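Colleague: Below: one structure in structure tokens.
Values quoted throughout were computed directly from the atomic coordinates according to the rules given, and no laboratory measurement underlies them. Since the model is a prediction, treat every value here as computed from it, not as a measurement. Don't worry about glycine lacking a Cβ; one is built from the backbone with ideal geometry, like all the others, and counts go over all protein chains shown.
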């Protein structure tokens, strides 16, 4: 019986692992070895601990509570940051986007100009968001953030970070265009 | 709209002649002006990775999401425009503007797009074209040629009275030409 439980645990873990896409894995693995590159991976159990912290937040801090509760629905966060490093070639970015589209990602926003590239993609399954990936490159800085999990858009809409994100997007567009 | 009928007759062999099998396969392909949508989209796709161009694409899903999270204090007309939009593509450059303007104009099927308004001002040509079904405008196409080349395509159920207001809320080069629509109305 103990072996059956271990087998089930391995199967569940491998399923979670497969939620990370091949295209993203390849892109991150290829570029995390660059100079000035920082690759961060936050596993689900750490996010669960963070989410548990919602129970200790004061009632007035709705925004913080919402964020912490949302972390319960996120299974993994990966980031790749290259600051003051070599620019990622547009061909590599195109290959990443095409790869993601081949894996059922849908492009939400694209802003591309001479020295700025902003992409936001989403993967949905059965009306649930399974992955949100954002890629931002501007001059000598590149940031790739990918969230895997199982949440609804309604879980996000109450977060004020949307206002912040929209402001950042407007600022980026004003710089690039 | 295309309908492509294919009739296939199969006659099996000598022994089966009595039982000639006539297989009629009728394929109906209902296109949404399939050929023309391809031409505009192809034109955008052709230059979307070109370093000389600025490209903006906002998908139908993004508009749907934005309409759900729009703040309560947002202008009601802009909220309604966003709710009804199903896509936005912008292509703009300051290189070889006249050549790209002429090339873009040559791609447009004048049987499907109707010129709504033309503005010429100090060497800049601005053209608004629409594709509609009945009273509903399904696509608004903006072409600008002069100091800059701009090609802008809005897809959805478009209210010209309200879309001019969008120019003030989206700070992207080329959007200011939408204000001419408001001037036309007045």
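Colleague: For the residues A:79, B:151, B:62, B:74, what sequence is obtained by ranking on other C-beta atoms within 10 Å, fewest first?
Modeller: B:74, A:79, B:62, B:151
Colleague: To the nearest whole number, what is the average tally of beta carbon atoms from other chains within 10 Å of the beta carbons of peptide B:50-62?
Modeller: Neighbouring Cβ atoms belonging to other protein chains average 5 per residue here.
Colleague: Starting from the Kirkwood radius over alpha-carbon pairs of region B:52-133, derive D by Stokes-Einstein at 37 °C in a medium of 0.692 mPa s and give it in µm² s⁻¹.
Modeller: Roughly 212 µm²/s, to the nearest whole number.
Colleague: Could I ask something else about it? For residue B:99 and residue B:69, calculate 0.36 nm times their separation in residues minus their Cα-Cα distance, and state this gained length in nm to one decimal.
Modeller: Length difference between fully extended and current span is 6.7 nm.
Colleague: Within 10 Å of each Cβ in A:98-111, how many Cβ atoms from other chains are there, averaged over the peptide?
Modeller: Mean number of neighbouring Cβ atoms from other chains: 3.
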